[in-house]
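Chemist: Supplied in C-alpha cells, the structure appears directly below.
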Amino acid sequence: MPDLIIASVMTMMTAATPLVFAATGELICERSGVLNLGVEGMMLIGAVFGFATAAVTGNAPLGLLMAGVAGLLASLIFATLTLSLLSNQVATGLALTIFGTGLSALVGFDYVGETIDQIAAIHLPVLSDLPVVGRLLFGHDPLVYLSLGLLAAVAWFLSRSRWGMILRAVGDSDVSAHAIGYPVVLIRYAAVAFGGMMAGLGGGYLSLVYTPLWAENMAAGRGWIALALVVFASWRPERVLFGAILFGSITILQLNAQAAGLGIPAAFMSMLPYIATIVVLVLISRDAIKIRLNAPACLGRPFRAER
Amino acid sequence: MTEQGLLSLTGVCKSFPGCIANDNIDLDVAAGEIHALLGENGAGKSTLVKIIYGVLRPDQGNIRWQGKVTRIENPAQARSLGIGMVFQHFSLFEAMTTLENIALALPPEDPEALRARLEETASAYGLALQPDRHVYDLSMGERQRIEIVRCLLQNPQLLILDEPTSVLTPQETEILFETLRTLSQESRAILYISHKLEEVRALCDRATILRGGRRVDDCLPAQETTRSLAEKMIGKKIQQVSRQSPIDSGSSMLLAVSDLNVRSDLAHGVDLTDIRLEVRAGEVLGIAGIAGNGQIELMGALSGETGSPLAGSIRILGTDAIGLNPTARRSLGAVFVPEERIGHAAVADMTLVDNSYLTGDTRMKFSRRGLIDWPAVTRYTQNVVQDFDVRTTGVDALASSLSGGNLQKFIVGREILQEPSLLVVSQPTWGVDAGAAAAIHEEIQRLVSAGAAVLMISQDLDEIFLLSHRIAVISQGTLSAAMPIDEITPEDIGLLMGIRHEVQPEADHVTA
C-alpha cells in the first residue's frame, strides 16, 4: 500500500511538471503586460522538435534543449507581431496556437510510433534509498527539480530583485515606465521569449519524459490550463505551483478511479482536473485588493513609445 | 541672468499629426533661477519640457546644456545630466509601494539605505510620505509628494515641475516654495509650470510665455500684475468673474445629507463619520480640505457609485436616494463630475461623442427604443466643445488625445449642458489654465443663478472663495459645519485643516 501511494505521488509530480514550466513562463510574460495565448501552440512546437531531435540524435537532453529553443523561437514570432508591429495580442496568440498545432502535426508525422531513450529518474546513493522520503524527495526525474528550481527563481526574481521590480513596473504602467526611461518594448521581448522557452520545455517534458513518445496534439489543453492557472493564481508563483500540483493530483486520482471501475462516465472523470483546478483557484483568489496588487494593469494593451 | 546659462534651447520645433505643438521656441534658464513657463492648456508647455527631459525628440532645434550642444536621448540620460522632472500626469506605478516607485527612478541602491534617505529628504522638505503604502490608494496630493521627493533624491541641477501646487493646501504650497527657494539658493535652476499666476509672481524670477506653440514673451513676473500676465498668456482681455450674491434662505433644499456614515472601500481609505450637509437651490456649498481626508468617499456616496452607506440619509431633490445607482440619481436631476479625469470621468480609448453618450443618455434621452440617436449625441458633443472652448481635432478624437485641461473642460461642460438641478463636482479646475478656469467658473455661476444647487469639493481655496456661498472643511472623514463666506477667511480654513489633522477626536469643537 505505501508503495502504491508513493507511486501515485510520483506520477502526480510528473503530471504537474509540464504545467509548472508553462505557467511559470506565462507568469513572467503576463507580469510584463503581454498576454500570450499561444502557450498551447508553443508547447506542441517544443514537444515535437524536442522529440524529433532526441529520435534523430538519440540524445534526450539535447532534445530538451531544442524544445526550449523551439518554444523561444515561436514566441519571438508572436513578440515581433505584437510588440513591434502592434497586432492584437489575443488574436495573435490564438493564431500562434493554431499555427503550432498544425506545424507540430506536420513535423511529427514521421515520428508517430517511434520510441526514444527517456531521461531517467535520478538516483542518489543513500538519499534515494531512504525509506518513503527517499523516493519522494530524491527519486524524481531531473526536470521536476529543474521546474521547481525555475519557479523558485522566478518567485525570488519578482519579489526581491531590481529587474523583477522593473518587470512588474512595465506591466503596471508602460507609459510611466517609458517616462522614467525604461526600454518597455525590449523588456517585454525578453519576457515573451522567456515564456516561450518555458512553454517549449513544458512541451519537451511531455514528449521526452511524461509519455515518452510523439502523438499529434499531445498537449491536450495543458497550455490552456497553464494560462488559466496564471490568471486564477492571481499572478503569484506559489499559487501557480499549488494549482499545478492540484491539477496533477486530480489527473492521477481520476485515472486510478477509472482503472478501478467506479462506474462514472470516463468523459466526466477526464474533465475533473480542469474543473476542480479552476474552481479551487477561483475560490482562494477572491480578495479584490490582492488581485489589484498583482494583476498587471497593462495586460494585453499595445504600447507604442511616443517620440 | 547673473549666472552662466545652464540650459538654452534655440529654435525647437515639434509637431504631432494634426498639430504643431512647439514652433521655433527659444528658452534660456540660468543656474539658480526659478523660471516660469506660462501658457494656456495646449500652448505646448508640456511638450517642451518633455523634450528637455528626453521623453520626446525635437524635430528641429538645439539644446545646450551647460554650454555644450547636447542630444538628450532619453529620461535616464536627462537624469544623469542632472535634470529632474515632476510630471503633471504622475508617472507612478499604482500596484507598487511608494518606496518601490522611488527606487525605480533611481540608480540601484540598497532598499534600507534608500528608505533612510527618503525619510530624511521627505522630512527636510516637509513632504510627508509613507514608504510602504501602495500608490493606488493614495490621494492625488500624496501621489504628487512622491513625485517631488523622487526628484529631489536625484540631486538635480535643473528641476522641472509641471503644476506642482494644483493639489496642495496653502500651507503645503508655502512649504514647497521654501523648498524651491532653498534649492535655488543652492544654485539649482527650477523650471516651473503653473497656471496660478499669483504663485508665479510670488515665486519666479523670470517667465517665458507660450501661446499656441510659440514663445510670445519673456518678462519679469514681479513687475507684472496677475491680470497682465493672464492677458499675455491668452492674448486678449479677460473678464473678472464677479462675486456671488447671497441667496435667500427660503429656496428649496436640493441636496440634504444627514448622519451619513460610510466605510471606505479603499485599503487605506478614510471612513466618513456623521456627515451632515445641505445645499439649496441657487447656492454653492464649497468643501475644502487636504486630499485624502474622505473626499473620494464622499463623492462616491453622493453619486451612488459605492453602494449603500452604513447609516444616514441622502435626499436628492427631496427623494430618498439611498440604494439608488448613479443612473437613477441622474434621472432625479443630479449630475456628477469626479476628480479623476481619465478612467473615472472619461473612458480614455473612446471618442468624445461616446463619452458624451455615457453620462448624457439618462438626462438627454439619447436613445429611443434601444437605439442610440448618434446625430443627436454628436450635436450635443459639438455644443460642449464649442461652449467650453475644448481644443481638439474634432468630436471623434479619443478622450486620451486631449490635454488634461481640455479634457477637464469637456467633462465639466458635458455635465453642465445637461441643465441639472444639482451639480456635484470634485476639483472642477484641476490643471486648467486661468482662461479656461474662468470659463468653467462662469458656467457654474450661470447654472447656479438659473436655480441649480452646486456642491463643489476642491482643494483650491481661491476657487472655493470665488464661487461658494457657504464653506465647510472636510478632515479625517468628518465635515465641519458650513460657514457663510463672509464669516470665514482662507487662514481660518487652512488653520482648521491643519489643526484637525493633529487633533482628530475633538475636531468637532473647532467649528461648533
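The values are calculated or read from the model by the stated rules, or taken from the named source; none is laboratory data. What you are looking at is a predicted structure, and each value in this text was computed from that prediction instead of being measured. Cβ sites come from the backbone with ideal geometry, for glycine too, and all protein chains shown count toward neighbours.
Chemist: Considering each residue of the range B:92-110, count those that are small (Gly, Ala, Ser), touching a residue at least 40 places away in the same chain (Cβ under 8 Å) and over 24 Å from B:Ser184 (Cβ atoms), and give that number.
Modeler: The qualifying residues number 1.
Chemist: Could I ask something else about it? Tally up the residues in the range B:263-295 that are part of a loop (DSSP other than H, G, I, E, B) and closer than 24 Å to B:Phe465 by Cβ, please.
Modeler: Residues flagged as part of a loop (DSSP other than H, G, I, E, B) and closer than 24 Å to B:Phe465 by Cβ within the range B:263-295 amount to 9.
Chemist: Among (1) touching a helix residue (DSSP H, G or I) at 6+ places or on another chain (Cβ under 8 Å); (2) closer than 25 Å to B:Glu305 by Cα, there is one condition B:Leu402 misses while meeting the rest; what is its number?
Modeler: Unmet for B:Leu402, out of (1) touching a helix residue (DSSP H, G or I) at 6+ places or on another chain (Cβ under 8 Å); (2) closer than 25 Å to B:Glu305 by Cα: (2).
Chemist: Out of all the residues in the range B:323-345, is one or more farther than 27 Å from B:Ile287 by Cα and over 26 Å from the mean Cα position of the chain (by Cα)?
Modeler: The answer is no, given that none of the residues of the range B:323-345 is farther than 27 Å from B:Ile287 by Cα and over 26 Å from the mean Cα position of the chain (by Cα).
Chemist: Within the range B:443-463, which residues are of a type in the set (Gly, Ala, Ser) and in contact with a Ser or Thr (Cβ under 9 Å, 6 or more places away or on another chain)?
Modeler: Within the range B:443-463, B:Ser449, B:Gly451, B:Ala452, B:Ala453, B:Ser458 meet the criteria.
Chemist: Further question on the same structure: Any idea how many residues of the range B:130-159 are assigned to a helix (DSSP H, G or I), closer than 18 Å to B:Leu191 by Cα and not aliphatic (A, V, I, L, M)?
Modeler: 5
Chemist: If you scan the range B:111-129, which residues turn out to be farther than 13 Å from B:Arg150 by Cα and not in a helix (DSSP H, G or I)?
Modeler: Matches in the range B:111-129: B:Gly126 only.
Chemist: A further question follows. So, in the range A:210-224, of the ones that are buried (at least 24 other Cβ atoms within 10 Å of the Cβ) and within 17 Å of the chain's Cα centre (by Cα), which residue ends up nearest to A:Thr53 (Cα to Cα)?
Modeler: Within the range A:210-224, the match that is nearest to A:Thr53 (Cα to Cα) is A:Ala219.
Chemist: Could you figure out which of (1) over 21 Å from A:Met12 (Cβ atoms); (2) outside any loop (DSSP other than H, G, I, E, B); (3) touching an Asp or Glu at 6+ places or on another chain (Cβ under 8 Å) isn't true of A:Lys290?
Modeler: Going through (1) over 21 Å from A:Met12 (Cβ atoms); (2) outside any loop (DSSP other than H, G, I, E, B); (3) touching an Asp or Glu at 6+ places or on another chain (Cβ under 8 Å) one by one, A:Lys290 breaks only (3).
Chemist: In addition: Looking at (1) in contact with a Leu (Cβ under 8 Å, 6 or more places away or on another chain); (2) buried (at least 22 other Cβ atoms within 10 Å of the Cβ); (3) more than 14 Å from every other protein chain (Cβ to nearest Cβ), which is the only condition B:Gly61 fails?
Modeler: Just one mismatch for B:Gly61, condition (2).
Chemist: Still on this model: Can you tell me which residues in the range B:111-144 are away from chain A (no Cβ under 12 Å) and without any contact (Cβ under 8 Å) to a residue 24 or more places away in the chain?
Modeler: Across the range B:111-144, the qualifying residues are B:Glu112, B:Ala113, B:Arg115, B:Ala116, B:Glu119, B:Glu120, B:Ser123, B:Ala124, B:Ala128.
Chemist: Being within 13 Å of A:Gly195 (Cβ to Cβ), surrounded by fewer than 24 Cβ atoms within 10 Å (Cβ to Cβ), touching a helix residue (DSSP H, G or I) at 6+ places or on another chain (Cβ under 9 Å) and not β-branched (Val, Ile, Thr), is that true of even one residue in the range A:7-18?
Modeler: no
Chemist: With the condition kept exactly as written, say whether any residue in the range B:95-110 is in contact with a helix residue (DSSP H, G or I) (Cβ under 8 Å, 6 or more places away or on another chain), under 26 Å from B:Arg341 (Cα atoms), modelled with pLDDT of 90 or more and among the hydroxyl-bearing types (Ser, Thr, Tyr).
Modeler: For the range B:95-110, residues in contact with a helix residue (DSSP H, G or I) (Cβ under 8 Å, 6 or more places away or on another chain), under 26 Å from B:Arg341 (Cα atoms), modelled with pLDDT of 90 or more and among the hydroxyl-bearing types (Ser, Thr, Tyr): present.
Chemist: Take A:Met42 and decide whether it is touching a helix residue (DSSP H, G or I) at 6+ places or on another chain (Cβ under 6 Å) and modelled with pLDDT under 95.
Modeler: no
Chemist: Looking only at the range B:34-60, which residues are modelled with pLDDT under 85 and of a type in the set (Ser, Thr, Tyr)?
Modeler: B:Ser46, the sole residue that qualifies.
Chemist: Somewhere in the range A:113-128, is a residue surrounded by 20 or more Cβ atoms within 10 Å (Cβ to Cβ), in contact (Cβ under 8 Å) with a residue 24 or more places away in the chain and not basic (Lys, Arg)?
Modeler: yes
Chemist: Looking for whichever is crowded, with 18+ Cβ neighbours inside 10 Å and of a type outside the set (S, T, N, Q) here; the options are B:Ala122, B:Ala128, B:Ala113. Which one fits?
Modeler: Selected residue: B:Ala122, the only one of B:Ala122, B:Ala128, B:Ala113 that is crowded, with 18+ Cβ neighbours inside 10 Å and of a type outside the set (S, T, N, Q).
Chemist: If B:Leu56 passes every condition in (1) of a type in the set (A, V, I, L, M); (2) assigned to a helix (DSSP H, G or I); (3) touching a residue at least 12 places away in the same chain (Cβ under 8 Å); (4) within 8 Å of chain A (Cβ to nearest Cβ) but one, which one does it miss?
Modeler: The one condition B:Leu56 does not meet is (2).
To keep it simple, each residue is scored yes or no on (1) more than 20 Å from B:Ile416 (Cβ to Cβ); (2) in contact with a strand residue (DSSP E or B) (Cβ under 8 Å, 6 or more places away or on another chain).
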residue: B:Gly304; (1), (2): no, no
residue: B:Ser308; (1), (2): yes, no
residue: B:Thr319; (1), (2): yes, no
residue: B:Thr327; (1), (2): no, no
residue: B:Ala345; (1), (2): no, yes
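Chemist: Confirm whether A:Val170 is modelled with pLDDT of 90 or more, part of a helix (DSSP H, G or I) and touching a Cys at 6+ places or on another chain (Cβ under 7 Å).
Modeler: For A:Val170, the condition - modelled with pLDDT of 90 or more, part of a helix (DSSP H, G or I) and touching a Cys at 6+ places or on another chain (Cβ under 7 Å) - is not met.
Chemist: Can you pull out the residues in the range B:64-107 that are part of a loop (DSSP other than H, G, I, E, B), among the hydrophobic types (A, V, I, L, M, F, W, C) and either within 10 Å of another protein chain (Cβ to nearest Cβ) or surrounded by fewer than 16 Cβ atoms within 10 Å (Cβ to Cβ) (or both)?
Modeler: Residues satisfying the conditions are B:Phe87, B:Phe90, B:Leu92, B:Phe93, B:Ala95, B:Met96, B:Ala105, B:Leu106.
Chemist: For the range A:277-295, indicate whether the set of residues that are touching a residue at least 60 places away in the same chain (Cβ under 8 Å) and either within 14 Å of chain B (Cβ to nearest Cβ) or of a type in the set (D, E, K, R) (or both) is non-empty.
Modeler: yes
Chemist: Of B:Thr362, B:Thr393, which residue is closer than 22 Å to B:Leu332 by Cβ and at pLDDT below 90?
Modeler: Of B:Thr362, B:Thr393, the one residue that is closer than 22 Å to B:Leu332 by Cβ and at pLDDT below 90 is B:Thr362.
Chemist: Of all residues in the range B:304-319, which are within 21 Å of B:Gly451 (Cα to Cα) and out of contact with any Lys or Arg (no Cβ under 7 Å at 6 or more places or on another chain)?
Modeler: B:Ile314, B:Arg315, B:Leu317, B:Gly318, B:Thr319 - these are the residues of the range B:304-319 that are within 21 Å of B:Gly451 (Cα to Cα) and out of contact with any Lys or Arg (no Cβ under 7 Å at 6 or more places or on another chain).
Chemist: Pairs only if they're at least six apart or on different chains, beta carbon under 6 angstrom, first in the range B:293-312 and in contact (Cβ under 8 Å) with a residue 12 or more places away in the chain, second among the basic types (Lys, Arg); list them, first residue then second.
Modeler: B:Gly304/B:Arg329; B:Leu310/B:Arg263
Chemist: Looking at the range A:156-186, which of its residues are under 25 Å from B:Ile52 (Cα atoms), surrounded by fewer than 22 Cβ atoms within 10 Å (Cβ to Cβ) and more than 10 Å from every other protein chain (Cβ to nearest Cβ)?
Modeler: Across the range A:156-186, the qualifying residues are A:Val185, A:Leu186.
Chemist: Follow-up. Can you say whether A:Ala191 is out of contact with any strand residue (DSSP E or B) (no Cβ under 7 Å at 6 or more places or on another chain) and facing chain B (nearest Cβ under 10 Å), as far as the supplied structure shows?
Modeler: no
Chemist: Against the condition under 27 Å from B:Ser252 (Cα atoms), among the polar types (S, T, N, Q) and not in a helix (DSSP H, G or I), how does B:Gln418 come out, does it pass?
Modeler: Criteria met by B:Gln418.
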